[in-house]
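One structure is given below, encoded as structure tokens.
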Amino acid sequence: MSWLLLILAGLFEVGFTTCLKLSDNFRNLGWAAGFLVCTVLSFYFLNKAAQVIPLGTAYAVWTGIGAVGTVIIGMAFFREPSDFWRLFFIVLLIGSVIGLKAVSAH
């Protein structure tokens with residue numbers, strides 16, 4: 001269950017970074033509110049997961065999910081580059097997150 005909460009926390013991290021981009025420096029109040037809600041939920045679920053999963057592992061996985069998800073959103077919706085090296089390092093990051101899950105005791 002704690003790993004599910006951690007994945008949820010990572011997805012909300014992707015939500016808050018996307019809302020941050022769309023908030024136009026917090027001038028768009030709807031996206032700014034979305035940023036606030038996603039941030040609170042992301043940290044809440046990270047905190048719950050970190051009560052069972054070692055903090056270093058939880059934090060690394062949380063940031064990994066957030067980074068990969070945010071890059072994917074950026075490429076899919078904001079026309080950010082998707083060259084070979086960028087994709088290579090994203091795959092490497094995904095492999096690292098999977099590796100951390102594989103060696104974790106919980």
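The values are calculated or read from the model by the stated rules, or taken from the named source; none is laboratory data. Keep in mind that this is a model prediction, so the values were computed, not measured. Cβ coordinates were reconstructed from backbone atoms using ideal geometry, including for glycine residues, and neighbour counts include every protein chain displayed. The protein model used for the area step is the full one, side chains on, heavy atoms only, and it has no ligands, DNA or RNA in it. Shrake-Rupley method; radii C 1.70, N 1.55, O 1.52, S 1.80 Å.
Okay, here's what the table says:
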| item | result |
| --- | --- |
| Heavy-atom surface of the chain, accessible at 1.4 Å and reported per residue (Å²) | 62 |
| For the chain, built as a Gaussian network whose Cα springs stay under 10 Å, the top-fluctuating residue of W62, W31, W85 | W85 |
| Listed candidates [x] 7.2; [y] 6.8; [z] 8.6 - label of the one calculated as mean projected area of the Cα convex hull in nm² | [y] |
| Apportionment of accessible area to carbon and sulfur, the chain, percent (1.4 Å) | 73 |
| Inter-probe distance in nm under a simple model that places probes 7 Å from Cα toward Cβ, at I72 and S96 | 1.8 |
| Charge dipole (debye, nearest 20) of the chain; +1 at Cβ of Lys and Arg, -1 at Cβ of Asp and Glu | 80 |
| Relative contact order (%) - the chain, alpha-carbon pairs under 8 angstrom, separation at least six | 31 |
| Theoretical gain in end-to-end length, A60 to W85 [0.36 nm per residue, Cα-Cα removed] | 6.9 nm |
| Ordering of 14-24, 74-84 by burial proxy (mean other Cβ atoms within 10 Å per residue, highest first) | 14-24, 74-84 |
| Simple spin-label estimate for K21 and V103 in nanometres, 7 Å along Cα-Cβ | 3.1 |
| Hz values of 3J(HN,Hα) by residue in the stretch 32-40 - Karplus curve (6.51, -1.76, 1.60), Gly and Pro given as x | 5, 5, x, 4, 4, 5, 5, 5, 4 |
| Karplus 3J(HN,Hα) series, Hz, for the stretch 9-24 with 6.51 cos²θ - 1.76 cosθ + 1.60 (x for Gly, Pro) | 4, x, 5, 5, 5, 4, x, 6, 6, 5, 4, 4, 4, 7, 6, 6 |
| Backbone HN-Hα couplings from phi across the stretch 51-67 [Karplus 6.51/-1.76/1.60, Hz, Gly and Pro as x] | 6, 10, 7, x, 4, x, 5, 4, 5, 4, 5, 4, 5, x, 4, x, 5 |
